[in-house]
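**Q** Starting off with a structure, shown below.
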Amino acid sequence: MNTDSARAAILAQIRARQGRPAALHDMEAADAEVDIGRHVRGPQPTIADRIAGFTTQALALQTSVARVASAQDVPSSVAAYLREQSLPLQGVAWGTLAELPWTQAGLALECRPPRDEDKLGVTGCFCAVAETGSLVLASSPATPSSTHLLPETHVAVVPASRIVPALEDAYALLRAELGELPRALSTVSGPSRTGDIEQTIVLGAHGPYRVHVVIVDGT
């Protein structure tokens, strides 16, 4: 049984226990479409400063944060972070970042999907969420999900203009700009972690050990 048929079977059981027909009738289906299209939001906090809010939440998630004036300053900021942490200066990056002066900053980045030996992945992001300190990344041929999932260190370049207040705003932006969801959509909230073993938090269990964000003011 595939995912769609399994979901249909579960919903049919729920409707049967409610004494309703196994499938939606036309009026119910139309009402559901209208409700989905309204995109009604629940209560949300007021975030006066999106950048400050994002930074506070990101730091709480053990994401380190730097801030630069323009995109041209990103490579030197990334290089400084890697040197401070004694991390490799070579890795992979999204093709959308190929024009930045990485070599001048002493970095050797290849624009391709990562391989097992790659310890550093540098990405952009679709947007970031101030309320949760999360990154939202949409996959495409030029922006593969593996770049932020496989290497031990994930560095994300985040334009300040792409920090939205809440997750609902991120999905509204996706609908407005992409029209439909990409093949893969990732919400990254700090380094990978698990508490499965003796309730002890371990970083890097299912992805990067560390996440570093460079916020770019001039975009």
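The values are calculated or read from the model by the stated rules, or taken from the named source; none is laboratory data. Values in this document were obtained by computation on a predicted structure and should not be read as measured data. All Cβ positions, glycine included, derive from the backbone under ideal geometry; neighbour counts span all protein chains shown.
**Q** Looking at Pro208, is it within 16 Å of Ala93 (Cβ to Cβ), assigned to a loop (DSSP other than H, G, I, E, B) and modelled with pLDDT under 95?
**A** Values: within 16 Å of Ala93 (Cβ to Cβ): yes; assigned to a loop (DSSP other than H, G, I, E, B): yes; modelled with pLDDT under 95: yes.
Criteria met by Pro208.
**Q** Examine the stretch 109-116 for a residue that is crowded, with 17+ Cβ neighbours inside 10 Å, within 22 Å of the chain's Cα centre (by Cα), farther than 28 Å from Ala176 by Cα and without any contact (Cβ under 8 Å) to a residue 24 or more places away in the chain, and state whether such a residue exists.
**A** yes
**Q** Can you pull out the residues in the stretch 170-191 that are farther than 22 Å from Gly91 by Cβ and surrounded by 20 or more Cβ atoms within 10 Å (Cβ to Cβ)?
**A** Ala170
**Q** In the list Thr147, Thr132, which residue meets the criterion of being polar (S, T, N, Q), within 12 Å of the chain's Cα centre (by Cα) and assigned to a helix (DSSP H, G or I)?
**A** Residue meeting the stated conditions: Thr147.
**Q** Do we have Arg7 as in a helix (DSSP H, G or I), among the basic types (Lys, Arg) and assigned by TED's automatic domain parsing to the domain that holds Pro159 here?
**A** On the way: in a helix (DSSP H, G or I): yes; among the basic types (Lys, Arg): yes; assigned by TED's automatic domain parsing to the domain that holds Pro159: no.
So Arg7 fails the test.
**Q** Please go through the stretch 35-52 and give me each residue that is touching a strand residue (DSSP E or B) at 6+ places or on another chain (Cβ under 8 Å) and of a type outside the set (A, V, I, L, M, F, W, C), ordered by number. Give the derivation first.
**A** Taking the stretch 35-52 and keeping what is touching a strand residue (DSSP E or B) at 6+ places or on another chain (Cβ under 8 Å), we get 50-51.
Within the stretch 35-52, Arg50 is the sole residue that qualifies.
**Q** Please give the number of the condition Ser192 fails out of (1) touching a His at 6+ places or on another chain (Cβ under 6 Å); (2) among the hydroxyl-bearing types (Ser, Thr, Tyr); (3) at pLDDT 95 or above.
**A** Here Ser192 meets the rest and fails (3).
**Q** Among the residues in the stretch 155-163, are any crowded, with 18+ Cβ neighbours inside 10 Å, modelled with pLDDT under 90, touching a strand residue (DSSP E or B) at 6+ places or on another chain (Cβ under 8 Å) and not basic (Lys, Arg)?
**A** No, there is no match, as no residue in the stretch 155-163 is crowded, with 18+ Cβ neighbours inside 10 Å, modelled with pLDDT under 90, touching a strand residue (DSSP E or B) at 6+ places or on another chain (Cβ under 8 Å) and not basic (Lys, Arg).
**Q** Quick check: is even one residue across the stretch 132-139 within 17 Å of Ala71 (Cα to Cα) and crowded, with 22+ Cβ neighbours inside 10 Å?
**A** No, every residue in the stretch 132-139 fails to be within 17 Å of Ala71 (Cα to Cα) and crowded, with 22+ Cβ neighbours inside 10 Å.
**Q** Which condition number in (1) on the phi > 0 side of the Ramachandran plot; (2) out of contact with any Lys or Arg (no Cβ under 9 Å at 6 or more places or on another chain) is the one that Ala52 fails?
**A** It fails just one condition, (1).
**Q** Further, regarding this structure: Residues of the stretch 48-64 being surrounded by fewer than 19 Cβ atoms within 10 Å (Cβ to Cβ) and either in a helix (DSSP H, G or I) or β-branched (Val, Ile, Thr) (or both), which ones? First the steps, then the outcome.
**A** Pass one, the stretch 48-64, residues surrounded by fewer than 19 Cβ atoms within 10 Å (Cβ to Cβ): 48-49, 51-52, 56, 59-62, 64.
Ile51, Ala52, Thr56, Leu59, Ala60, listed by residue number.
**Q** Any idea how many residues of the stretch 93-115 are farther than 21 Å from Leu150 by Cβ and hydroxyl-bearing (Ser, Thr, Tyr)? Explain how you work it out, then say what you get.
**A** Here is the first cut: in the stretch 93-115, the residues farther than 21 Å from Leu150 by Cβ are 99-101, 103-106.
After this cut, where a residue has to be hydroxyl-bearing (Ser, Thr, Tyr) as well, the list is 103.
Number satisfying all stated conditions: 1.
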